[in-house]
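Trainee: After the structure tokens below, expect a handful of questions from me.
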Amino acid sequence: MMVFPVSSAFILRKMIHLGSGLFLIFFAQKSFWYFLLFGILVLFTIILDLGRNFNSAWNRIFLRFFGQMLKDSERHGKWLGATSLWLGLFLSFIIFPLNNFKIAASVAVLADAIAAIGGKLAPYHYIRNSKTFVGSLLFVITAILLFGQYWNIPLLPTVLMSIILALIELYSPEVIENINITIGNSLLIYFYLFLSS
């Protein structure tokens, strides 16, 4: 009997990643209220996440509800992927123009999730830590498709940005990976839009 390599907890984790990321991107607008609500979400998440390291009772409650979805390092107090994702999105939102944010964030959110799922389904040919060749390849392909087909960026900058972004994802420390991907992609898009204007 074949065992499916992706657990329901992993699928739920990726659904939260995709759902929350795309929700924040889709409804993004440069308004005071959006900035305030987005900022409160990020601040609340950081407090709840970091609070686990200072309050054992809160850590037990947190692990009871979310423990199955967490990576081993996260169970032992490291920053959650969701926290770094939302912080990275928020930083990109406040630093860069709205269109820049939407392009960069959508590629970062979708390509990262698809790479993680692909890496779980084909868990061999590891490049670095838990990153696989298949996951990295899917990251590049997804980024190329989104940059080129959805955001209408020409092929050469699309391929170049996709490869650079995959390298950022591959070599970023796990705890800040989502921040690096989002901010790195925002910078790539910013320079592309600046040079092409």
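The values are calculated or read from the model by the stated rules, or taken from the named source; none is laboratory data. Since the model is a prediction, treat every value here as computed from it, not as a measurement. Every residue, glycine as well, gets a Cβ built from its backbone with ideal geometry; the counts of neighbours run over all protein chains shown. Just so you know, the surface numbers come from the protein's heavy atoms only, side chains and all, with ligands and any DNA or RNA stripped out. Shrake-Rupley method; radii C 1.70, N 1.55, O 1.52, S 1.80 Å.
Trainee: Among the residues of segment 1-51, how many are of a type in the set (D, E, K, R), farther than 30 Å from A122 by Cα and either assigned to a loop (DSSP other than H, G, I, E, B) or out of contact with any Leu (no Cβ under 8 Å at 6 or more places or on another chain) (or both)?
Mentor: The total comes to 1.
Trainee: Next question. Please verify whether A82 is out of contact with any Ser or Thr (no Cβ under 6 Å at 6 or more places or on another chain), in a helix (DSSP H, G or I) and surrounded by 16 or more Cβ atoms within 10 Å (Cβ to Cβ), treating the condition exactly as stated.
Mentor: Spelling it out, A82 is indeed out of contact with any Ser or Thr (no Cβ under 6 Å at 6 or more places or on another chain), in a helix (DSSP H, G or I) and surrounded by 16 or more Cβ atoms within 10 Å (Cβ to Cβ).
Trainee: Here are the criteria: (1) closer than 30 Å to S197 by Cβ; (2) open to solvent by 10 Å² or more (accessible area, probe 1.4 Å); (3) of a type in the set (F, W, Y). Tell me which single one Y126 does not satisfy.
Mentor: All conditions pass for Y126, except number (1).
Trainee: A follow-up question, please. Every residue in segment 159-182 that is surrounded by 21 or more Cβ atoms within 10 Å (Cβ to Cβ) and over 17 Å from H17 (Cβ atoms), please.
Mentor: Selection gives M161, S162, A166.
Trainee: Is there a residue in segment 26-41 that is under 30 Å from I153 (Cα atoms) and of a type in the set (S, T, N, Q)?
Mentor: Yes, some residue in segment 26-41 is under 30 Å from I153 (Cα atoms) and of a type in the set (S, T, N, Q).
Trainee: What residue, of L165, L170, L146, L193, is touching a strand residue (DSSP E or B) at 6+ places or on another chain (Cβ under 7 Å) and in contact (Cβ under 8 Å) with a residue 40 or more places away in the chain?
Mentor: Sole residue among the options that is touching a strand residue (DSSP E or B) at 6+ places or on another chain (Cβ under 7 Å) and in contact (Cβ under 8 Å) with a residue 40 or more places away in the chain: L170.
Trainee: Can you tell me how many residues within segment 52-75 are open to solvent by 60 Å² or more (accessible area, probe 1.4 Å), closer than 23 Å to A116 by Cα and in a helix (DSSP H, G or I)? Talk me through it step by step, then tell me what you get.
Mentor: Within segment 52-75, the subset open to solvent by 60 Å² or more (accessible area, probe 1.4 Å) is 53-56, 58, 60-61, 64-66, 68, 71-72, 75.
Subsequent filtering for residues that are closer than 23 Å to A116 by Cα retains 65-66, 68, 71-72, 75.
Pick out the ones that are also in a helix (DSSP H, G or I) and you get 65-66, 68, 72, 75.
Looking only at that region, the number is 5.
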